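Written below as structure tokens is the structure these notes are about.
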Amino acid sequence: MPNSWLIPLLLGFGINAASAFTTVYSRWWGERVGRLATVLLRNVLGIPVWVLGLLLAVGAPSRILFTTPVVVRIAGWALMSLGALLQILALAVLRHKAAAPSIHDTLVQRGPYGWMRHPIYAGVLLEFAAIVILQPRLAVLIACLLGVGWAVLQARLEEVDLVQRLPEYRDYMARVPSFLPRTARTA
């Protein structure tokens, strides 16, 4: 199957999206099992499966879209590094809340979360762009575009859950942009 990478990619995105309902799972099955459901869906199944799909897309034979001069490849690695750094900073601030969200979490507004609501997904978006630059093939472009759609949807689903778990999140949404930090403070 020439596009078999689509199966784990889309399956992983779907499973990962299902991890965004910590509040619902906690209401259905109790806090401990609800938290466990989120952990399993996101960390054990979702992320590893979609990463496998992305890796298979990178390795799949596909039409080359453009050539990458050295300076462009350097820019690609810079984007990859920036995305990874943003994710590491965000995960360091969230700690266990990132891997195992709970209905008793508190709102985090420091570090990268003071600049944007979704620094982890912003980092993933930078990495998707970098992957296309570094591996400019049609399969990779399609996989990364699907990844962009998933990241935006995932962030929105998580916000629906966060508004239920953290009442102050609605005010935070009004003050802090989603993926791109504001360049100037507004009055």
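We did not get these values from a lab; they are worked out from the coordinates using the rules stated. Keep in mind that this is a model prediction, so the values were computed, not measured. Note that we place each Cβ from the backbone using ideal geometry, even for glycine, and neighbour counts take in every protein chain shown.
Restricting the stretch 122-187 to GluC sites (Glu not before Pro) that sit in a DSSP loop and have at most 13 other Cβ atoms within 10 Å of their own Cβ leaves Glu168.
The HN-Hα couplings worked out from phi for the stretch 83-90 by the Karplus form 6.51 cos²θ - 1.76 cosθ + 1.60 (θ = phi - 60°) are x, 5, 4, 4, 5, 4, 4, 5 Hz, whole numbers, x standing for Gly and Pro.
Distances between placed amide hydrogens fall under 5 Å for Arg137 paired with Leu65, all partners being 5 or more residues away or on another chain. Take the Cβ-Cβ distance between His104 and Val148 as r, set R0 to 35 Å, and report the resulting FRET efficiency rounded to the nearest 0.05. With R0 = 35 Å, the Cβ-Cβ based efficiency is 0.65. Our coupling estimate for the stretch 141-155, obtained by passing each phi through the Karplus curve with A = 6.51, B = -1.76, C = 1.60 and θ = phi - 60°, is 4, 4, 4, 6, 5, 4, x, 4, x, 4, 4, 5, 5, 4, 4 Hz, Gly and Pro reported as x.
In the chain, the ratio of gyration radius to Kirkwood radius, Rg to Rh, stands at 1.00 when only Cα atoms are counted.
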